[in-house]
Every structure is written in structure tokens, then in C-alpha cells.
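Asker: The structure is given below, and queries will be raised subsequently.
The values are calculated or read from the model by the stated rules, or taken from the named source; none is laboratory data. Note that this is a predicted model, so its numbers are computed, not measured. Cβ coordinates were reconstructed from backbone atoms using ideal geometry, including for glycine residues, and neighbour counts include every protein chain displayed. Just the protein is used for accessible areas: all its heavy atoms, side chains included, with ligands, DNA and RNA removed. Shrake-Rupley method; radii C 1.70, N 1.55, O 1.52, S 1.80 Å.
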Amino acid sequence: MGRLDGRVALVTGASRGIGYSLAKLLAADGAHVIAVARTVGGLEELDDEIKAAGGATTLVPLDLTDMAGIDRLGGAIAERWGRLDVLVANAGALGVLAPIGHIEAKTFEKTMTLNVTATWRLIRSTDPLLRRSDAGRAIILSSGAAHSAKAFWGLYAATKAAEEALARSWANETMNSPLRVNCVNPGATRTAMRALAMPGEDPASLPTPAEVAARILPLALPDCTETGRIFDVRENRFTTYRMPE
Ligand code: NDP
């Protein structure tokens, strides 16, 4: 018996990287996975793997910068299942590593739209559905960059700080409901995004997305009691940051 049998989980950025691995683990634990990304090939590969292991998926090829598309997705979930049990807001982009004064407006706006506005829109679309679950769980992928303010990482850092702020406010709003909302700092992980950020690094020196996803999975389970926290994957524990009482 899976710990998520009969539950419905939505994972964005499920075509590769951390989202792909987490989608597989959620399905292996019994969840029906709604997998969202733009690349149909990646989604189909995920679908093949999950089905071969006896799991179930619904593939949603969608560009998350299409806000009306996110709204339609929420409507479709409401119609088919009437609720959502797990949201993993994982899709994201690095934008560009550059001095703040050199970032092109188009790049700034595109990265903000995907990482921040789409995350907000997803929260807005799924909040009523997650509240209908007896154990709604929301996981928002953040980054250590949200706090480190490293030179040239300003754009990405600003988006991740904004995502954390949204998630923590949402956790405060829902504290007295069964919904639990947490952020995750996955740490450096062997994915396409990390290779783009650190082209000189040996990917073999980094944890795989499967290893990282295994540590994130407990946040999706009904027995997760924490909310409004940031889970640090490398440390395998919640950070000391707590919301004010
Ligand atoms: P990848 O680049 O490997 O994967 C990103 C995923 O997001 C892909 O599935 C991609 O699918 C999807 N995505 C990107 N743009 C869009 C879009 N416009 N619409 C829909 N989906 C989109 O990233 P990671 O797995 O490395 O990162 C996952 C999360 O973890 C991100 O939020 C990232 O910020 C965070 N993170 C990662 C770290 C790392 O070291 N890897 C470290 C810290 C945080 P497609 O292109 O098919 O649309």
C-alpha cells in the first residue's frame, strides 16, 4: 500500500530534473500525478516510467507563463477530482547571471513571470482545491540564493525570495486548516539548471535529482505537520527560521 494511495498530486516542471524525480516518487507511493511542463517528450518519458511501475499520470503540456492556462488547469482539476492533495510548485528558470545593471528587461520580466507570477497564479488556482483535501500539502521549490545575495545572482535570488514570501504568507493564512505549506532549498543538484549556472563544475560531484527528491517526498505525506518552514535538503532538516507566533 502506498502512503499516497487515492491522492492527487500536481507537479510543475515534471519533464526533467528535480520535478521529474519527485513526480516518479509520488506516483510510486500511490498518487495520481498531474505532470506539467512544456516538453512533451520529457512528460511522455515520465509517463512511460510511471505506468511501467504500475502508477497513473495525467500529462499537461503547458507553458506556465500562460496565466489563463493555469486557471484552466485549476478548473479541470476541480471538474475531474473536486480537490487536490499535493501541489509541487517546482518549475523555474535561472534567468541570467549578470550584474543587476546589465540584465535585459525582457529576461528580467520573463524570469519574474515564470518563477513568481506563475507560482502565485498556481497558488491562487489550487488553494480552494487543496483546502478540500483532508491533508493538503504544498511544496514550493526555493533556493539558498533567496538568502545569500551573491553577486550576479540578483534576478534569480529576487524571484526565490518572492516565492518564499508568498509561501510563508500562505502558510500563515492556512495555519488553522489541514493544509501544510513549506518551501524547499534543494541545494546544488545535478540538473540542466545547475549546469547552466555552473558550467565548469563536474556534475558527478553533485547529488542526483532522485536523491534530492527522496528527501523532499516526506513534505507531501499526510503525516507532515510542519507549515511555513524552509526545508534544507542538504542538511535533511528544516532551517531554524520560524514564522512569528
Ligand atoms: P531544470 O532546469 O532541470 O528543470 C526545470 C523544469 O521547469 C523543467 O521541467 C522545465 O520543463 C520546467 N519549466 C521551465 N520553464 C517552464 C515554463 N515556461 N512552463 C512550464 N514549465 C517550465 O531545473 P531543476 O530541476 O534544477 O530545478 C527545479 C527547481 O529547483 C527550480 O525551481 C529551481 O529554482 C530549484 N533549485 C534548483 C537547484 C539546482 O541546483 N538544480 C538549486 C536550488 C534550487 P520544460 O522546459 O519542459 O517546460
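Asker: Could you count how many residues in region 211-240 are within 26 Å of SER177 (Cβ to Cβ), open to solvent by 40 Å² or more (accessible area, probe 1.4 Å) and not in a loop (DSSP other than H, G, I, E, B)?
Answerer: Total meeting the criteria: 4.
Asker: Using beta carbons and a limit of 9 Å, which pairs, at least six apart or on different chains, have the first residue in region 195-208 and open to solvent by 60 Å² or more (accessible area, probe 1.4 Å) and the second one part of a helix (DSSP H, G or I) and within 13 Å of the ligand (Cβ to nearest atom)?
Answerer: Close Cβ pairs satisfying both conditions: PRO203/ARG194; PRO203/ALA195.
Asker: Could you grab me the full set of residues in region 75-97 that are of a type outside the set (D, E, K, R) and closer than 19 Å to ALA135 by Cβ?
Answerer: ILE77, ALA78, TRP81, GLY82, LEU84, VAL86, LEU87, VAL88, ALA89, listed by residue number.
Asker: Give the residues of region 136-192 that are within 18 Å of THR111 (Cβ to Cβ), among the aromatic types (Phe, Trp, Tyr) and either open to solvent by less than 10 Å² (accessible area, probe 1.4 Å) or under 19 Å from the mean Cα position of the chain (by Cα) (or both), sorted by residue number.
Answerer: TYR156, the sole residue that qualifies.
Asker: Separate question: Looking at ARG83, ARG121 in this structure, which one is open to solvent by 20 Å² or more (accessible area, probe 1.4 Å), out of contact with any Ser or Thr (no Cβ under 9 Å at 6 or more places or on another chain) and either at pLDDT 95 or above or not in a helix (DSSP H, G or I) (or both)?
Answerer: ARG121
Asker: Out of all the residues in region 98-115, which are open to solvent by 40 Å² or more (accessible area, probe 1.4 Å) and over 16 Å from THR65 (Cβ atoms)?
Answerer: If the condition is that a residue be open to solvent by 40 Å² or more (accessible area, probe 1.4 Å) and over 16 Å from THR65 (Cβ atoms), then PRO99, ILE100, GLY101, HIS102, GLU104 are the ones that fit.
Asker: Between ALA76, ALA35, ALA68, ALA53, which is aliphatic (A, V, I, L, M), more than 8 Å from the ligand (Cβ to nearest atom), surrounded by fewer than 17 Cβ atoms within 10 Å (Cβ to Cβ) and under 30 Å from LYS106 (Cα atoms)?
Answerer: ALA68
Asker: Of the conditions (1) part of a helix (DSSP H, G or I); (2) under 23 Å from LEU217 (Cα atoms); (3) among the aliphatic types (A, V, I, L, M), VAL60 fails just one. Which one is it?
Answerer: The single condition VAL60 does not satisfy is (1).
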